[in-house]
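The values are calculated or read from the model by the stated rules, or taken from the named source; none is laboratory data. Keep in mind that what you see is a predicted model, and the values were worked out from it rather than measured. When we count neighbours, we look across all protein chains shown, and the Cβ atoms used for this are built from the backbone with ideal geometry, even at glycine. SASA here: full protein model, heavy atoms, side chains in, ligands and nucleic acids out. Shrake-Rupley method; radii C 1.70, N 1.55, O 1.52, S 1.80 Å.
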Amino acid sequence: MGLLSDPSRRKVLTGLLTRLNTPICIVCYLAGIVWFMGLAFEPFTLRTYMSENAMGSTMVLLRGAIMMLVCFCSGMPVEWLVKAMQSRGLEVFTQSFSRKLPFPDENKERYMVRGTNVYGILRAPRAPRTEALVISAPCSPGDSNNQAVGLLLALAQYFRNQVYWAKDIIFLVNEHDLMGTQAWLEAYHHTNITGMEYSPLQGRAGSIQAALSLELSSDVITSLDLILEGLNGQLPNLDLANLFYAFCQKLGVLCTIQGKLQRNDWDTAEGYTHAAQTMMLMVLKQACGRSWGDHGLFLRYHIEAASVRGINSFRHYKTDAATIGRLLEGMVRKLNNLLERLHQSYFFYLLPSLSRFVSIGCYMLAFGLLVVILLLRALDLWVHLGAPALAAPSGPGVLTVLTPVVISHLTGVALYLLPVHLQEMAVEHFPVSETEAVVLTAVAIYTAGLALPHNTQRLLSGEGTEQGWKVLKLTALLYLAVLLGCTALINFSLGFILAVTLVPITASMTPHMPKALSALVMVLLSPAFTVLYCVFIYQELIEAPVSVSEGWMLFLSVISQGILDHALYGSLVYPLLALFIYPCWLMFWNILFWS
Amino acid sequence: MAAHRCGLSLVFILIFSSLACHSSCDSLENANEDTEEKQSVSDTPREVNSDGSIAAEDLNERRGRSTDAELDRRDGTRTSEALTPAAAARDEFQEELVIRPLHSGDIYASFQFRTLWDTDFLQEGQKVSHYRLFPKSLGQVLSKFSVRELHISFTQGFWRTMQWGQPFIPSPPGAELWVWFHDTVSDVDGNWKELTNVLSGIFCASLNFIDLTNTVQPSASFKPLGLGNATDHRFLRYATLPREIVCTENLTPWKKLLPCGSKAGLAVLLKSEKLFHSSFHSQAVHIRPVCQDEQCTSKAWELRQTLNVVFDLYTAGQGKKEWSLFKMFSRTLTEACPLATSSKVYVDITDNPEGELFELSPATPLLSQAVVLGDRRTYSVFDLTRAETFGQLRSLNLLLRWKGDGGEMLRPLLHAERYVAGFGLQTGEIHTVIYNNHPYRAFPVLLMDSVPWYLQLYIHTLTVTSKSRDNKPSYIHYQPAKDRHRPHLLEMLIQLPPHSMTEVTVQFERALLKWTEYTPDPNHGFYVGSSVVSALVPSMVAMNTNFTQDQPLFSSFVPVKEESSYFVRVYTEPLLVNLPTPDFSMPYNVICLTCTVVAVGYGSFYNLLTRTFQVDEPSLPLAKRLANLIRRIRGVPLLT
């Protein structure tokens, strides 16, 4: 600390920092990106291992001879399900719910949603109804998930005849996929966060310890895919993934994550690319903050949950239903053995493959390297502002800084509120559907925000000074650093993706740069374009590349999905972007046009 | 007589050969339990008659001799009565098993063993030291701690009211203990603490975990069930341990309290491997003073040992819908306990008048009617003290063959459930839902909630709503918790409108415990005991209010005061609540350490960054300062 308390040496240090600021920042940025890409390289990652003793040492004996049933659902056969569950000796209850969406969902073609959940509780013998496990299967119109419902019933029948249960098991068949789950969970915990209307539940089974969701979309299943990404980028405890992987290994079932098989050739370029692609897919899925399966909504209630999806994409392999039944039986039995909630293993991780993981300690460094750039730039500005030679006789008024900040945020509020509230007016005046109206209003408001600097200037009394933009930039840099830091703590992927695009422009932006070129770069690296790039990259990674126009349509539907997810399930990505990130970006846009 | 015996012994040889396998395993177990039995015999010096000494003998021999035993029994009891000195207090023992085929297709078996003793432990200056049927271990405890009434239950599982209806004697999951002390006791808390520790030893249970933090004194919910009209709840202590796990080690000491142990009578059925292979298991001991006779001139002590068990049709039936004593308990009945004055098996056949639901064999001509829990029930009675009950085979193996299917859910008149609402680890809300399914009668219920201190109740958020309208309780007794000393106690008298659902909600905040206060498995959660709903439920039929000795035991436990209603106690499920828990692991230590380092480092770093420094004038050497002093006096310029 002698370094800092000695004024002369301190001066040297600050001089060094200001002089070498740009090179240090560039090095940090590159190091951050390289570090992140290195996370997928196998020697740098850890092998997954079971941390929970209750699930590790006691291997369960599987002997489930499970018959596959096929039910022909057209819509939701509530009565049939009730009868089927009752005849298997469960306590059966139904729950009806209804919800009017803020605007029609064109992807799933629904607006006024009315549905019924059916659930049966298998009461564990000699257990006092304090703990429960949930196995759920969405039953959607058509026959897309019949197999899962059939398997669920078969499991119920088999489980009913066993005596080793220590926790009650709830078999839930939910209608309208996520909405049904949401209604059921809200009713179970007697909360109402999204304004859903539902009938209260008649039967409960204590605190839910873990949940598994089944999705089997076709008759022929070649492999099982594990889906972990939940609402707002929450992930279940890593032990749940380990459990799934351990049983897949044991039963010889082909298992994938992000639809990608594991490869053993990590030392080749292909092997590395494969792992990097898998990890990138996870980052993109986590960043978008939506629930990628029914399990995602459980995580809010501190219930560890994962979805198991049967897919039919690898030829020459076929997994029969009995094996899947055994796999689930094994997983449920292991969960049944749990003495405590799953808590031993990691809650924050990235998976380049099912057997390897990157812990929070490793990946946070990549993010830290990016965010430190903002702090270094802020330090640089602080030093410049403090230097006596440059100090103006009177510092810039609070008003000069406050006005752009307030106006940017008001634009953000408009972006958040207006699209949904103005849809009727938009539909009246323009030949568009409600959904299009909402999305296009959002795009319009976003674009209109670009005209802001002129309006801000008009409001300001005097000329913008050199001092003025520096103070504004200092504020904006610190603001962005705090914002990204907080986001990354909750949802690393989102924070990192935003940092990758926002940090370069925000760190380098001054009013003295060539206006047209910098404006173009800024727009191309704005939050909306980040979303657009993510759409393209995602499509590329799932091996379904799209053309520009298709990409644009996808982009629009992503926006509508984001708004819907916020309204229906409480996803926070859209409000975060509209209320904080976009205004913050606007502040830098203001600096560019500072006169 | 001799010829008769000869014929019988022939029959027995036949039976013996057919039961060879069965009895050989019996004798093995018998040998195992010999030691146990000897101990209990030495514990309680009893008068064991000729046929009561079978305990140490081989079963094969017992089978051969049982005819003699039976024939001798009547003489035996007569002689024992004659031998008993007139001055010694009279005591008697009754045993009873009720089998009720449940609505859901399961089977409910309820054992009751009653020992009555016409003596008073608590009388001044009289020390009771001669014990016959009453277990000495309990008698000594009662007199030492001046206990007036003691109720203890151990339950594994939750009684499913919606499927099984009401039990004869309800009990909450885990262990429950409530005791009325005699009003001469000065240090009730001290007695209570010692008593729990002693009982903990007697029953091999963790009752020693009962301390002041989970003990309450309910003001209205737990009235004495025996004689006397105590109202001062300072002498009452009530505690539950919802986490207590009940197992064989609790069953063995419980069986030892029986006069015949598990060697004869109904208690031979109590084999732990079968009893704990069930859906519900509950064992209890109730001690209370009762009237000796109808005039109620003097007091007698009653010890009731009850054991309730529900067998699951699905898991144990192995596909066949058939029940028998042998299937349920892996034993059949061959004799009554020789010390018992009455020994009966009741089978509830109320729902089965024409035999359409199930088929019962062997058939018995003896029928009995009793009014239980507001309903008139009909029972087939098998009297084990009569030889003809056992038929030709000298063993009774009741057989129930189901014909119908498991029915829909029941709608019991009174039903309650409870759950925790909300998410997150800061606050929450306890919801207690009480259903009154009576079509037209409203009745009041007493709700008692005892909540540990680490859930800090916000009592101002207490709401009671029925039919979406505010329902004002007519009586509220609330005792706030003291951190680490005393739990919350909330008692309310609520009027339940007919055919309604009443919801009682109260919000709470989860306390952050000190790090030594967490259990070894903090992420499992913390238990909150069941809340208790006690009510006088309107009865469909007139209840039997007069007290008679020959009522079946199961219908005479709770005294009935009026004809139009009967007493019901309903326990809700216990709650499992997660408290904010630090991560007690290596990363936790790392985080603590890093945070400390960062805090210290950041503090000094921030200090240095925000402070402005100025170059200090170097101080002059002493010689120069002295020179300057002289120069100042002289008025010449100073040196620097």
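Looking across A:Q202, A:Q157, one residue alone is among the polar types (S, T, N, Q), surrounded by fewer than 23 Cβ atoms within 10 Å (Cβ to Cβ), at pLDDT below 90 and assigned to a loop (DSSP other than H, G, I, E, B). It is A:Q202.
Contact map, the stretch A:80-108: first residue within 14 Å of chain B (Cβ to nearest Cβ) and in a loop (DSSP other than H, G, I, E, B), second residue open to solvent by 20 Å² or more (accessible area, probe 1.4 Å) and at pLDDT 85 or above, Cβ cut-off under 6 Å, separation 6 or more or different chains; pairs are A:R88/A:Q157; A:R88/A:R160; A:G89/A:R160. When we screen B:V309, B:V345, B:V381 for residues that are touching a strand residue (DSSP E or B) at 6+ places or on another chain (Cβ under 6 Å), touching a residue at least 12 places away in the same chain (Cβ under 8 Å) and within 14 Å of chain A (Cβ to nearest Cβ), the only hit is B:V309.
Could you figure out which of (1) part of a helix (DSSP H, G or I); (2) open to solvent by 50 Å² or more (accessible area, probe 1.4 Å) isn't true of B:T196? Among (1) part of a helix (DSSP H, G or I); (2) open to solvent by 50 Å² or more (accessible area, probe 1.4 Å), B:T196 violates only (2). Taken together, the criteria exclude B:R510 from residues that are within 26 Å of the chain's Cα centre (by Cα) and either of a type in the set (S, T, Y) or open to solvent by 20 Å² or more (accessible area, probe 1.4 Å) (or both). In the stretch A:166-193, the residue that is nearest to the other protein chains (Cβ to nearest Cβ) out of those that are open to solvent by 10 Å² or more (accessible area, probe 1.4 Å) and in a loop (DSSP other than H, G, I, E, B) is A:H190. Within this structure, B:T161 fails the test of being touching a Gly at 6+ places or on another chain (Cβ under 7 Å), within 14 Å of chain A (Cβ to nearest Cβ), of a type in the set (S, T, Y) and in contact (Cβ under 8 Å) with a residue 12 or more places away in the chain. Among the numbered conditions (1) loosely packed, with under 15 Cβ neighbours inside 10 Å; (2) in contact (Cβ under 8 Å) with a residue 24 or more places away in the chain; (3) more than 14 Å from chain A (Cβ to nearest Cβ), the only one that B:Q426 does not meet is (3). Residues satisfying the criterion are present in the stretch B:106-118 (criterion: of a type in the set (D, E) and buried (at least 21 other Cβ atoms within 10 Å of the Cβ)).
Residues A:I208, A:I221: which one is within 14 Å of chain B (Cβ to nearest Cβ) and either out of contact with any Asp or Glu (no Cβ under 6 Å at 6 or more places or on another chain) or at pLDDT 90 or above (or both)? Within the list A:I208, A:I221, the selection yields A:I208.
Pairs are defined by a Cβ separation below 8 Å, a sequence spacing of at least 6 or placement on different chains, a first member in the stretch A:5-16 that is within 10 Å of chain B (Cβ to nearest Cβ), and a second member that is at pLDDT below 75 and open to solvent by less than 50 Å² (accessible area, probe 1.4 Å); the pairs so defined are A:R10/A:L4. Residue pairs whose Cβ atoms lie under 7 Å apart, sitting 6 or more positions apart in sequence or on different chains, and linking a residue in the stretch B:579-607 that is within 12 Å of chain A (Cβ to nearest Cβ) and in contact (Cβ under 8 Å) with a residue 40 or more places away in the chain to a partner that is in a helix (DSSP H, G or I) and surrounded by 11 or more Cβ atoms within 10 Å (Cβ to Cβ), are B:T581/B:P522; B:T581/B:N523; B:P582/B:Y588; B:F584/B:P522. Restricted to helices (runs of 4 or more DSSP H) entirely inside the stretch B:263-359, those with at least 2 residues that are farther than 17 Å from B:E96 by Cα, open to solvent by 10 Å² or more (accessible area, probe 1.4 Å) and not charged (D, E, K, R) are B:313-317. In the stretch B:262-289, the residues that are within 12 Å of chain A (Cβ to nearest Cβ) reach residues that are hydroxyl-bearing (S, T, Y) and in a helix (DSSP H, G or I) with C-beta atoms within less than 7 angstrom, at least six apart or across chains, in these pairs: B:F276/B:T248. Among residues of the stretch A:32-53 being open to solvent by less than 40 Å² (accessible area, probe 1.4 Å) and either assigned to a helix (DSSP H, G or I) or free of Cβ contacts under 8 Å to residues at least 24 places away in the same chain (or both), the one that is farthest from A:L376 (Cα to Cα) is A:G38. Every listed requirement among (1) more than 14 Å from every other protein chain (Cβ to nearest Cβ); (2) open to solvent by 10 Å² or more (accessible area, probe 1.4 Å); (3) assigned to a strand (DSSP E or B) is met by B:T240 save one, (1). Mind listing whichever residues of the stretch B:162-187 are assigned to a helix (DSSP H, G or I) and open to solvent by 10 Å² or more (accessible area, probe 1.4 Å)? Across the stretch B:162-187, the qualifying residues are B:M162, B:Q163.
Restricted to the stretch B:199-217, and to residues there that are of a type outside the set (G, A, S) and either in contact with a Cys (Cβ under 8 Å, 6 or more places away or on another chain) or within 28 Å of B:L116 (Cβ to Cβ) (or both), the residue that is most open to solvent (accessible area, probe 1.4 Å) is B:C204. In summary, no strands (runs of 3 or more DSSP E) completely within the stretch A:285-403 bear 3 or more residues that are open to solvent by 50 Å² or more (accessible area, probe 1.4 Å), farther than 30 Å from A:S571 by Cα and modelled with pLDDT of 85 or more.
Yes or no: the stretch B:561-572 includes at least one residue that is in contact with a Leu (Cβ under 7 Å, 6 or more places away or on another chain) and either open to solvent by 30 Å² or more (accessible area, probe 1.4 Å) or part of a loop (DSSP other than H, G, I, E, B) (or both). Yes, the stretch B:561-572 has at least one match.
Taken over the stretch A:216-235, the criterion of being of a type in the set (D, E, K, R) and either free of Cβ contacts under 8 Å to residues at least 60 places away in the same chain or surrounded by fewer than 24 Cβ atoms within 10 Å (Cβ to Cβ) (or both) is satisfied by A:D219, A:D225. When you scan the stretch A:479-499, do you find a residue that is modelled with pLDDT under 90, among the aliphatic types (A, V, I, L, M), surrounded by fewer than 21 Cβ atoms within 10 Å (Cβ to Cβ) and over 16 Å from A:V573 (Cα atoms), even just one? No - not one qualifying residue is present in the stretch A:479-499. Screening the stretch B:409-423 for residues that are under 22 Å from B:Q166 (Cα atoms) and within 8 Å of another protein chain (Cβ to nearest Cβ) and picking the one that is modelled with the lowest pLDDT gives B:M409. With the condition kept exactly as written, say whether any residue in the stretch A:147-165 is without any contact (Cβ under 8 Å) to a residue 60 or more places away in the chain and under 27 Å from the mean Cα position of the chain (by Cα). Checking the stretch A:147-165: not a single residue is without any contact (Cβ under 8 Å) to a residue 60 or more places away in the chain and under 27 Å from the mean Cα position of the chain (by Cα). For the stretch A:205-215, enumerate the residues that are in contact with a helix residue (DSSP H, G or I) (Cβ under 8 Å, 6 or more places away or on another chain) and open to solvent by less than 10 Å² (accessible area, probe 1.4 Å). Those that are in contact with a helix residue (DSSP H, G or I) (Cβ under 8 Å, 6 or more places away or on another chain) and open to solvent by less than 10 Å² (accessible area, probe 1.4 Å): A:I208, A:Q209, A:A210, A:A211, A:L212, A:S213, A:L214. Do we have A:Q262 as at negative phi, part of a loop (DSSP other than H, G, I, E, B), open to solvent by 10 Å² or more (accessible area, probe 1.4 Å) and within 14 Å of chain B (Cβ to nearest Cβ) here? For A:Q262, the condition - at negative phi, part of a loop (DSSP other than H, G, I, E, B), open to solvent by 10 Å² or more (accessible area, probe 1.4 Å) and within 14 Å of chain B (Cβ to nearest Cβ) - is not met.
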